[in-house]
1. Give the separation of the Cα centroids, the stretch 72-86 to the stretch 128-161, in Å.
2. Going by alpha carbons, how many degrees (0 to 90, nearest 10) lie between the helix axis of 38-51 and the longest principal axis of the chain?
3. Where does the chain land at 222 nm, in deg cm²/dmol rounded to the nearest 500, when only DSSP H runs of n ≥ 4 count, each adding -39500 (n - 2.57), divided by all residues?
4. Just list whichever of Lys20/Lys87; Lys35/Lys147; Lys24/Lys147; Lys24/Lys134; Lys79/Lys146; Lys87/Lys161 have alpha carbons separated by over 32 Å in the model shown.
5. Leaving out ligands and nucleic acids, and using a 1.4 Å probe, what accessible area per residue does the chain come to in Å²?
6. Pop out the carbon and sulfur fraction of the accessible area of the chain as a percent, whole number, probe 1.4 Å.
7. Sorted by mean Cβ packing within 10 Å, highest first, what order do the peptides 175-185, 88-98, 140-150 take?
8. Excluding Phe156 itself, what net charge comes from residues whose Cβ is under 15 Å from its Cβ, given Lys and Arg +1 and Asp and Glu -1?
Amino acid sequence: MVNGTQVPIPQCASFSEFAKTVYKSFSMDYPKFFKMDSLSKLAFLASEIILKEVVKSEEEQDIALVFANRSSSLDTDVKYQESIANKNEYFPSPAVFVYTLPNICIGEVSIRHQLKSENAFFVFDDFPSEFMQKYSEALIQNNKAKKVLCGWVEYFQESYKVFVYLVEPQGKLEHNEQNINTLYRN
């Protein structure tokens, strides 16, 4: 859903197919997308849908990013470990190693939209609505950012969930834990 409107996205057999379908259906144009790991692709897709209408000038680039998930970059970490585990076929891939930190996905979003504001990626057992609410409001109140893109971006072994929302000083919904949880569950 985007701003309360259901976005038709076809069911896909794999995450790779899903990512390509969403990329094409929203007419995205960012060739570097195809080199990203799955966690970064998921964060990029969700962020792109929200930010493409928001970031239109340098003034609008003061958007902080606050993301979280449960498994960090474990999916990519496992792939990298597999690339170095077999001493007979030892071939550590720098292209995979780059993505062995979860904050790389917010780096990809920042590069795409030339965001130069605060950003952080946290690891929690479950979606941290109270934390997101307090942290994002602190960023705005302390003039660290004019807006905050918050997100839960979980990807591990073809299982994924993404939830992203934009916090502004004067938003359409009150930014409180109850509303965040309602949006997250839907």
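The values are calculated or read from the model by the stated rules, or taken from the named source; none is laboratory data. Note that the structure is predicted; figures quoted are calculated from it, not measured. Cβ placement follows ideal geometry from the backbone for every residue including glycine, while neighbour counts extend to all protein chains displayed. Side chains included, ligands, DNA and RNA excluded: accessible areas come from the protein's heavy atoms. Shrake-Rupley method; radii C 1.70, N 1.55, O 1.52, S 1.80 Å.
1. Cα centroid of the stretch 72-86 versus Cα centroid of the stretch 128-161: 26 Å apart.
2. Value to nearest ten degrees: 20.
3. On the way: 7 runs with 73 residues, N = 186.
Calculated at 222 nm, the ellipticity per residue is -11500 deg cm²/dmol.
4. Details: Lys20/Lys87 34 Å; Lys35/Lys147 28 Å; Lys24/Lys147 27 Å; Lys24/Lys134 35 Å; Lys79/Lys146 37 Å; Lys87/Lys161 35 Å.
The answer is Lys20/Lys87; Lys24/Lys134; Lys79/Lys146; Lys87/Lys161.
5. Values: 10870 Å² over 186 residues.
It amounts to 58 Å² per residue over the chain.
6. Numbers: 5440 of 10870 Å².
Answer for the chain is 50 percent, counting heavy atoms of protein chains only.
7. Numbers: 175-185: 14.1, 88-98: 10.5, 140-150: 17.5.
Ranking the peptides 175-185, 88-98, 140-150 by packing returns 140-150, 175-185, 88-98.
8. Surrounding charge for Phe156 is -4.
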